[in-house]
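The structure appears right after this line, and notes come after that.
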Amino acid sequence: MKPLDLTNRWIMVTGASSGLGRELARVLARDHGSNLVVVARRRDRLDELASELENNHGVSVRAVTADLAQIDQVDRAFAEATQETPLYGAILNAGMTHFGKWDELGWEEYERMHALNVTSVVRMTTKLLPYLEQRREQGGVMLVSSMAGVVPTPYQTAYSATKAFLVHYGCGLHHEMWPRGVSVTTFVPGGIRTEMTEGAAFNDLRSWLMPAERCAREAVRAFRDREYVFSPGFVYRWGSAVTRLLPQRFFISRVAEQYRRSLERSRG
Ligand SMILES: NC(=O)c1ccc[n+]([C@@H]2O[C@H](COP(=O)([O-])OP(=O)(O)OC[C@H]3O[C@@H](n4cnc5c(N)ncnc54)[C@H](OP(=O)(O)O)[C@@H]3O)[C@@H](O)[C@H]2O)c1
């Protein structure tokens, strides 16, 4: 398949009210002239973004408010996104983390994270892929996972497991959907400077965080080029290649130590 042609096409971006999602929307509008359906819970943020992109880049933007941790709202978001505008692609980016000891994660919060990071993505792709296939435009979908989905990450243990699901799910879908004319890309960023990493618990890890705008540019390039699995940033790509050569248990024990120290220092 040729690269995605994003100009004047409608692309849905979930979790577009802040962080990586907002930058993805900005890059798509500014650099590719894409029209956008932006999805999140905070309506005011989405409306602000819509005005910014429409005024600065002459694209059309539709805001859809939805709590994607609720299955009926995932269905409604898809219905609203496709009702008046033909979607050509989607970046499923909305997600949440829990940074702390595994036994400090309450059951309700765990269920919410699983519903958002895993179930909503499966539900949305289950609707999106047949839709895109039927349109016969060779569109594409990108799932936003994380390096934590590739390397088990203690103190983000349950989050890391939800993101590992997305790596396996995205890779499996890529192989199944490629011959059917729709690309599926899995994006695996390391740390990014966003609201998600604002808390003091991330203080010791902050030097590793990539600016959201740069991460978004690399993400959109990978989406456009229908990459299989893509990690932004040379240091991360190089680092993950090298660490694959180390015994996993040894490497993960170093990660655990760094995360534990950062967490405990933030608690004084
Ligand atoms: N930051 C990192 O270091 C990092 C690293 C690797 C991967 N990632 C992944 O990158 C993606 C974006 O994260 P970010 O760092 O940009 O975080 P962020 O700034 O906290 O943004 C999260 C986005 O998801 C939306 N969202 C959260 N809960 C939602 C819900 N229940 N329903 C609908 N939307 C919801 C938020 O919007 P509302 O609050 O308005 O709903 C927001 O737009 C996530 O999937 C994350 O796992 C992040």
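The values are calculated or read from the model by the stated rules, or taken from the named source; none is laboratory data. Bear in mind the structure is a predicted one, so any value in this text is a computation, not a measurement. We place every Cβ from the backbone using ideal geometry, glycine too, and count neighbours over all the protein chains shown. For accessibility, only protein heavy atoms count, side chains too; no ligands or nucleic acids. Shrake-Rupley method; radii C 1.70, N 1.55, O 1.52, S 1.80 Å.
List of remarks:
- Folded to 0 to 90 degrees: helix 120-135 orientation relative to the chain principal axis, Cα: 30
- Rounded to the nearest 10 degrees, the angle from helix 234-243 to the longest Cα principal axis of the chain is 50 degrees.
- Counting only residues at least eight positions apart within a chain, or on another chain, the lysines with an alpha carbon under 25 Å from that of Lys2 are Lys127.
- Taking only protein heavy atoms and a 1.4 Å probe, the accessible area of the chain is 51% carbon and sulfur.
- The slack between Asp225 and Arg136, meaning 0.36 nm per residue of separation minus the straight C-alpha distance, is 30.2 nm.
- Stretchable slack from Trp107 to Met1, in nm (0.36 nm times residue separation minus alpha-carbon distance): 33.8 nm
- Between the range 145-209 and the range 23-65, the Cα center-to-center distance that results, in Å: 23
- Relative to the current alpha-carbon distance between Glu213 and Asp31, full extension at 0.36 nm per residue lengthens the span by 64.3 nm.
- Each Cα pair under 8 Å and six or more residues apart adds its separation to the average, and for the range 10-266 the resulting relative contact order is 18 percent.
- All C-alpha pair distances within the chain, sorted into 10 Å bins from zero, spread as 7, 31, 37, 19, 6, 0 percent across the bins.
- Straight-distance candidates among the lysines for linking to Lys101, with alpha-carbon spacing under 26 Å and chain neighbours fewer than 8 residues away dropped: Lys163.
- FRET efficiency estimate (nearest 0.05) - Cβ-Cβ, Ser266 to Ser240, R0 30 angstrom: 0.70
- Taking Cα centre as origin and charging only the Cβ of basic (Lys, Arg, +1) and acidic (Asp, Glu, -1) residues, the dipole magnitude of the range 10-266 rounds to 740 debye.
- Per residue value of the accessible surface for the chain (all protein chains in place, 1.4 Å probe), Å²: 47
- The residue among Thr126, Gly191, Ala77 whose Cα reaches farthest toward the positive pole of the charge dipole of the chain, with charges on the beta-carbon of Lys, Arg, Asp and Glu, is Gly191.
- Burial order of peptide ranges 249-262, 148-161, 49-62 (average beta-carbon count within 10 Å, highest first): 148-161, 49-62, 249-262
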